[in-house]
1. Under unit Cβ charges (Lys, Arg +1; Asp, Glu -1), what dipole magnitude, rounded to 20 debye, does the chain have relative to its Cα centre?
2. I need the peptides 248-255, 221-228, 275-282 ranked by packing, meaning the mean over residues of other C-beta atoms within 10 angstrom, with the highest value on top.
3. Net charge near residue 269: determine it from the other residues with C-beta under 12 Å of the C-beta of residue 269, scoring Lys and Arg +1 and Asp and Glu -1.
4. In degrees, nearest 10, range 0 to 90: what is the angle between the Cα axis of helix 276-290 and the longest Cα principal axis of the chain?
5. Among 233, 166, what is the fewest-to-most ranking by other Cβ atoms within 10 Å?
6. Any idea which of 237, 29, 162 is furthest toward the positive side of the dipole for the chain, if Lys and Arg beta-carbons carry +1 and Asp and Glu beta-carbons -1?
7. Of 199, 265, 20, which is farthest along the charge dipole of the chain in the positive direction, counting Lys and Arg as +1 and Asp and Glu as -1 at C-beta?
8. Classify segment 3-315: rounded, prolate or oblate, from the alpha-carbon gyration tensor (a ≥ b ≥ c, eigenvalue square roots; a/c under 1.5 rounded; otherwise prolate if a/b is larger than b/c)?
Amino acid sequence: MAAETASSVVTVHALNAGHLTLPERFFVTPLINPEERQTVPSLSFLIQHRAPSGTLTRLIFDLGIRRRPQQYNAKIRKHIESRYPLSGNPDVVASLAQGNLTPSDIDCVIFSHVHWDHVGMPCDFPQAQFIVGHGSMALLDGSDALNNGSHNHFESDLLPLNRTLELRPPDEGIGTHQKALIPGIRCISNSSWKPFGPLPHTIDVFSDESVLLVDAPGHLPGHINLLCRVSLEPTRYVYLGGDACHDRRILTGEKDIAQWSDPDFPGRICCIHTGRGKSRETIKRIRNLEQESLGFGKVEVVLAHDVHWADKATRDGRFFPGCL
Ligand SMILES: [Zn+2]
């Protein structure tokens, strides 16, 4: 690490971005009561980076649930009937306003993945650059049609193509094309995925190790996480895990990832993750980070739907304008 970049940290702020209700049998196993349901948040995060030049760059990681759920397409609306109680209120825009920011203050929106409960309303951010993991665009345009559950429906017109960067596949090394990125973010479309500590595939967003995009395969093609350094002495990171898993008990090893039979197609086994095996590998990696087993410094892992984390963070004032 170059000495002049060693002090680079970011601030990370939780944003309320709606809530939904998860039937637990689709997520965790074993269960004592298969009818158990849990209302959980769909968290978003604001990340603020100040460059040595003084340039301030603001990223948002995920946009949560749409404030008007009736604006999802018909297939998604049908699916979310199983997720009520559900609300997109307050949404990311209202949560930013808590700290006197508006969508025009946001330079870049990064999606952990393109499931409906993470994509909010991109049209609220008319100036922002969007970044998605590799495989996301094929899901959106329908060329990669998944058939492992009713949660996998997408909208082809979700993102503005002239402001969207799809990352290159981690196994492909150096990326090439794509649009010029916003000031303050170097041209990550030309970046190689590189190992960082125990993480095999990361991209250093600001070239100062303050924010790393992390390939986190398993949940959905293009699923990415974010590792943010929030303090140097002592070294402290926040790891935004998206939907790597939906329940902290899976991260701790108390529970496993559920599967179920598709009621419309007898014999078809469904899972909330596209690749259960890859998900297990990703979860293991995250668990190792959190347990400091690799001398990585202290890492706080935050999952998008962790209601217990969110309740405590609310009490501790970690939602914007508070920070993690
Ligand atoms: Zn989700």
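Read the figures in this text as sums done on the coordinates, not as results from a lab. It should be emphasised that the depicted structure is a prediction, and the values quoted were computed from it without experimental measurement. All Cβ positions, even for glycine, are placed from backbone atoms using ideal geometry, and neighbour counts span all protein chains on display.
1. Numbers: 32 positive and 36 negative charges, 44 e Å.
Dipole size: approximately 220 debye.
2. On the way: 248-255: 14.9, 221-228: 26.5, 275-282: 17.1.
Descending packing order for the listed peptides: 221-228, 275-282, 248-255.
3. So the surrounding residues net to +1.
4. Its long axis makes an angle of about 40 degrees.
5. Working: 233 6, 166 22.
Arranged by neighbour count, lowest to highest, 233, 166 become 233, 166.
6. In the chain, that residue is 29.
7. 20
8. Values: a/c = 1.45, a/b = 1.30, b/c = 1.11.
It comes out rounded by the Cα gyration axes.
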